[in-house]
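Comments concern the structure below.
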Amino acid sequence: MTEPASHDVHVVVGDDSDRSRYEAHIGDRLAGVLSYVDDADGNRVLQHTVVGDAFGGHGVGSALARFAMQDATDAGRKIVPQCTFVQGWLGKHPEHQSLVAHPYVPSPPTA
């Protein structure tokens, strides 16, 4: 899937299921990743988004989030937004709220 970003930059996003992450590329360079894990209920927990310093402001994080939402839709699964970037992105894109299984709640620390 190709996502147009700001400044006519094209962000290409795919699923690297072997590494449990979505990867965004600009040209031949890895621009960012969104890591995930599937929970016992079959929900995809979106854990953490990282965008390389050189790629900030090019829509990489948004392209990753959008791809994750489309992947969840295509697979018929729900998401759990652990990642604070994804949480904020969902706040700006309420049309995807139906994909949220439940808000992320951290596990209590074990003694």
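The values are calculated or read from the model by the stated rules, or taken from the named source; none is laboratory data. Keep in mind that this is a model prediction, so the values were computed, not measured. Counting neighbours? That spans all protein chains shown, and the Cβs are built from the backbone with ideal geometry, glycine included. The area values use the complete protein model at the heavy-atom level, side chains included, leaving out ligands, DNA and RNA. Shrake-Rupley method; radii C 1.70, N 1.55, O 1.52, S 1.80 Å.
Numerical summary
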| item | result |
| --- | --- |
| Selection within segment 68-109 - open to solvent by less than 30 Å² (accessible area, probe 1.4 Å) and not in a loop (DSSP other than H, G, I, E, B) | 68, 69, 72, 79, 80, 81, 86, 89, 90, 99 |
| Residues satisfying the stated conditions in segment 33-46, i.e. closer than 16 Å to residue 99 by Cβ, open to solvent by less than 70 Å² (accessible area, probe 1.4 Å) and not in a loop (DSSP other than H, G, I, E, B) | 34, 36, 44, 45, 46 |
| Which listed residue, of 15, 28, is surrounded by 12 or more Cβ atoms within 10 Å (Cβ to Cβ) and out of contact with any Cys (no Cβ under 9 Å at 6 or more places or on another chain) | 15 |
| Where residue 57 falls short, out of the listed (1) open to solvent by 80 Å² or more (accessible area, probe 1.4 Å); (2) assigned to a loop (DSSP other than H, G, I, E, B) | (1) |
| Single condition residue 76 does not satisfy, out of (1) closer than 12 Å to residue 46 by Cα; (2) out of contact with any Phe, Trp or Tyr (no Cβ under 9 Å at 6 or more places or on another chain) | (1) |
| Check on residue 44, of a type in the set (Lys, Arg) and over 15 Å from residue 12 (Cα atoms) | yes |
| Residues located in segment 10-31, provided they are at negative phi and small (Gly, Ala, Ser) | 14, 17, 24, 31 |
